[in-house]
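For reference, the structure is listed below as structure tokens.
The values are calculated or read from the model by the stated rules, or taken from the named source; none is laboratory data. Please read all numbers here as calculations on a predicted model, not as lab measurements. Every residue, glycine among them, receives a Cβ derived from its backbone with ideal geometry; neighbour counts consider all protein chains shown. In case anyone asks, the SASA skips ligands and DNA or RNA and just uses the protein heavy atoms, side chains included. Shrake-Rupley method; radii C 1.70, N 1.55, O 1.52, S 1.80 Å.
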Amino acid sequence: MAEQGKVDPMHQFTIEPMFGTDHWQIAGYHIPFTNSALWMAIATLALLVFVAGGMKRQLVPGRWQMAVESMTGFVDGLLAANIGPAGKKYVPYVFSLFMFILFANVLGLLPLGIVGVHPFTFTSHFTATGVLAILSFAIVLIVGFWKHKLHFFSLFVPHGTPVVMIPLIFCIELVSFLVRPFSLGLRLFVAMMAGHVLLEVLSGFVISGLNAGLGIGPVVSILSFLLMVAICALEILVAGIQAYVFALLTSLYINDAENLH
């Protein structure tokens with residue numbers, strides 16, 4: 001690929017079976033263990049190790065315990081600000097969601113290619129982010145109907161709406177509510193995919209410039225490489241921001257179910 005000076009920016013998103021599981025089937029359905037599943041497992045393991053390191057409950061916490069307590073405190077503050085005292089019971093879920101997405105995003109940025117390992121950012125697939133969004137949306141529906149029964153539908157009729165406008169406003173608010181899981185998953189998927197595509201395109205410019213020989217080629221390669229370094233730093237920031245936004249919107253949606261604003 002390098003000799004030809006060609007880089008396929010979409011190849012990094014290809015889901016491939018691993019460990020000879022190409023023909024695994026259950027009830028006629030093809031269920032191989034893929035690179036996406038592998039990195040989901042790695043992100044889950046990283047989350048478990050991270051949490052386990054903070055469960056020592058030492059009177060004088062070490063750096064690891066302090067890091068875990070800081071993250072749980074951050075999520076607790078987020079839920080307290082957006083839901084109130086009732087948000088305390090959602091800390092385990094939102095913390096796990098936030099950290100899982102954060103680890104997934106950061107793991108996909110690790111420069112493991114230099115040792116022959118190619119990390120896979122599964123949050124760059126809508127199938128993964130969509131499931132996380134549906135999970136959060138399902139919690140909102142369960143909480144809303146469990147706590148408020150049919151009164152939950154009052155969420156779609158803002159207070160003070162004129163009677164004649166209720167049918168129209170109800171339909172608009174209902175559609176807006178149903179679009180939430182789609183937009184929640186799409187936002188994370190697009191942000192992660194766009195950054196990785198841009199990095200891959202720039203790497204293609206670096207290779208093409210080096211293969212072009214003397215002249216403007218090396219200049220293009222150097223400028224592209226410097227831009228890649230800057231975008232890598234930006235992608236680390238985006239990885240954290242997107243995890244935060246996902247957790248923030250989840251807390252806001254749960255607040256609607258809890259408090260029916």
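Does region 79-87 contain any residue that is among the hydrophobic types (A, V, I, L, M, F, W, C), over 17 Å from the mean Cα position of the chain (by Cα), outside any helix (DSSP H, G or I) and surrounded by 13 or more Cβ atoms within 10 Å (Cβ to Cβ)? Yes, there is a match, as at least one residue in region 79-87 is among the hydrophobic types (A, V, I, L, M, F, W, C), over 17 Å from the mean Cα position of the chain (by Cα), outside any helix (DSSP H, G or I) and surrounded by 13 or more Cβ atoms within 10 Å (Cβ to Cβ). For the residues Leu102, Leu97, the requirement of being buried (at least 22 other Cβ atoms within 10 Å of the Cβ) and touching a helix residue (DSSP H, G or I) at 6+ places or on another chain (Cβ under 8 Å) singles out Leu102. All conditions in (1) closer than 25 Å to Leu249 by Cα; (2) surrounded by 14 or more Cβ atoms within 10 Å (Cβ to Cβ) hold for Leu48, with the sole exception of (2).
Restricting His148, His159 to those that are part of a helix (DSSP H, G or I) and either open to solvent by 50 Å² or more (accessible area, probe 1.4 Å) or modelled with pLDDT under 95 (or both) reduces the list to His148. So, Val220, is that one without any contact (Cβ under 8 Å) to a residue 24 or more places away in the chain, out of contact with any Cys (no Cβ under 7 Å at 6 or more places or on another chain) and open to solvent by 60 Å² or more (accessible area, probe 1.4 Å) or not? Against the criterion (without any contact (Cβ under 8 Å) to a residue 24 or more places away in the chain, out of contact with any Cys (no Cβ under 7 Å at 6 or more places or on another chain) and open to solvent by 60 Å² or more (accessible area, probe 1.4 Å)), Val220 does not qualify.
Restricted to region 105-126, and to residues there that are touching a residue at least 60 places away in the same chain (Cβ under 8 Å) and open to solvent by 40 Å² or more (accessible area, probe 1.4 Å), the residue that is nearest to Leu38 (Cα to Cα) is His118. Checking each residue in region 191-225 for being at pLDDT 90 or above and either farther than 21 Å from His11 by Cα or in contact with a Phe, Trp or Tyr (Cβ under 8 Å, 6 or more places away or on another chain) (or both) picks out only Met193.
Condition check ((1) over 27 Å from His118 (Cα atoms); (2) over 28 Å from the mean Cα position of the chain (by Cα); (3) touching a residue at least 40 places away in the same chain (Cβ under 8 Å)) across all residues:
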residue	(1), (2), (3)
Leu141	yes, no, yes
Phe153	yes, yes, no
Leu199	no, no, no
Asn211	no, yes, yes
